[in-house]
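Only one structure is covered here, and it is reproduced in the block below.
The values are calculated or read from the model by the stated rules, or taken from the named source; none is laboratory data. If you're wondering where the values come from, they're calculated on a predicted model, not measured in any experiment. Here the Cβ is made from the backbone with ideal geometry for all residues, glycine too, and neighbour counts use every protein chain on show. For accessibility, only protein heavy atoms count, side chains too; no ligands or nucleic acids. Shrake-Rupley method; radii C 1.70, N 1.55, O 1.52, S 1.80 Å.
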Amino acid sequence: MHNNADSLIVLDFETSGLSPDNGDRAIEIGAVKIEHGIITDKFQSLMNPGFRINSFIENYTGITNQMLQNAPSCHEVMLDFATFIGSNNLLAHNASFDQKFLDAEFEHINQRYSGEFACSLLVSRRININAPNHQLGTLVNYKNIASDGSFHRALFDAEMTAKLWLSMLEDIQRQINQNQVSFDLIQKIAKTAKKNVPALLANW
DNA sequence: TGCCAGGCCCTCTTTAGGGCCTT
């Protein structure tokens, strides 16, 4: 198994609710692969959780029960997704949420992943200290990232998270080059991004 | 009937509370 420090899977789940511990399931997965700073691959699928989702989720995501009726099962989709992520490191916006669901869905199909999670939200709180807030949509606007506004669908949010991440890496690299990054900030970023900030720590 | 998440960070902190972010 090869764990490439300069490649990364950026993923986003749409789900039936906030907590797999309350029986919530994934209803859509979207992901892109970043290699050497470029998006090189993508993965997207709806998945049928086996029960009806409530109207809040239908309105929030635009994913309807009708759309899920003919979707493949979570089991089927997550098996394919396990192949897609391989041993790569992983990134999500508010990673604790997506990690929770990835763990739960993989548990259902007895799969494991070996990559480590990084979190674009936690890094943003360190880097974009003047942003109005750190919601994905706000940050995309704040960083002037091109967007057609289709938030709350998995592949779109994953793509936006990937672009936000690459933008933040550029900002950090620029600040390092200009000696504008304090050791304290670097330590805080490393700490808040947890054990692994692929391609970022590699530059330090 | 009533319940309804949890990890991280900041601070009026560490014998804790509250806001943010994800669906």
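Kindly list the number of the only condition in (1) open to solvent by less than 30 Å² (accessible area, probe 1.4 Å); (2) within 19 Å of A:Leu136 (Cα to Cα) that fails for A:Ile39.
So A:Ile39 meets the others, but not (1).
Do we find a residue being in contact with a Ser or Thr (Cβ under 9 Å, 6 or more places away or on another chain) and of a type in the set (Ser, Thr, Tyr) anywhere in the range A:120-138?
Yes, that holds for at least one residue.
Could you grab the pairs with beta carbons closer than 7 Å, sequence gap of 6+ or different chains, first residue in the range A:74-102 and open to solvent by 30 Å² or more (accessible area, probe 1.4 Å), second one part of a loop (DSSP other than H, G, I, E, B)?
A:His75/A:Ile109; A:Leu79/A:Ile109
Please work out which residue is nearest to A:Gln111 (Cα to Cα), limiting yourself to the range A:54-73 and to residues that are free of Cβ contacts under 8 Å to residues at least 12 places away in the same chain, within 16 Å of DNA strand B (Cβ to nearest atom) and not charged (D, E, K, R).
A:Thr64
Please work out which residue is nearest to DNA strand B (Cβ to nearest atom), limiting yourself to the range A:6-25 and to residues that are among the small types (Gly, Ala, Ser) and touching an Asp or Glu at 6+ places or on another chain (Cβ under 7 Å).
The selected residue is A:Gly17.
So which pairs qualify, if the first residue must be in the range A:118-136 and open to solvent by less than 50 Å² (accessible area, probe 1.4 Å) and more than 8 Å from DNA strand B (Cβ to nearest atom), the second must be modelled with pLDDT under 90 and not in a helix (DSSP H, G or I), the Cβ gap must be under 6 Å, and the two must be at least 6 apart or on different chains?
Listed by first residue and then by second, the contacts come to A:Ala118/A:Ala193; A:Ala118/A:Asn196; A:Ala118/A:Val197; A:Val123/A:Ala193.
Just give me the residues in the range A:126-136 being part of a helix (DSSP H, G or I) and over 16 Å from the mean Cα position of the chain (by Cα), in sequence order.
In the first step, residues of the range A:126-136 are kept if they are part of a helix (DSSP H, G or I); the result is A:126-127, A:136.
The answer is A:Arg126, A:Ile127.
Every residue in the range A:42-66 that is closer than 20 Å to A:Phe156 by Cα and open to solvent by 70 Å² or more (accessible area, probe 1.4 Å), please.
A:Lys42, A:Gln44, A:Phe56, A:Asn59, A:Tyr60
Would you tally the residues in the range A:137-157 being assigned to a helix (DSSP H, G or I) and open to solvent by 70 Å² or more (accessible area, probe 1.4 Å)?
2
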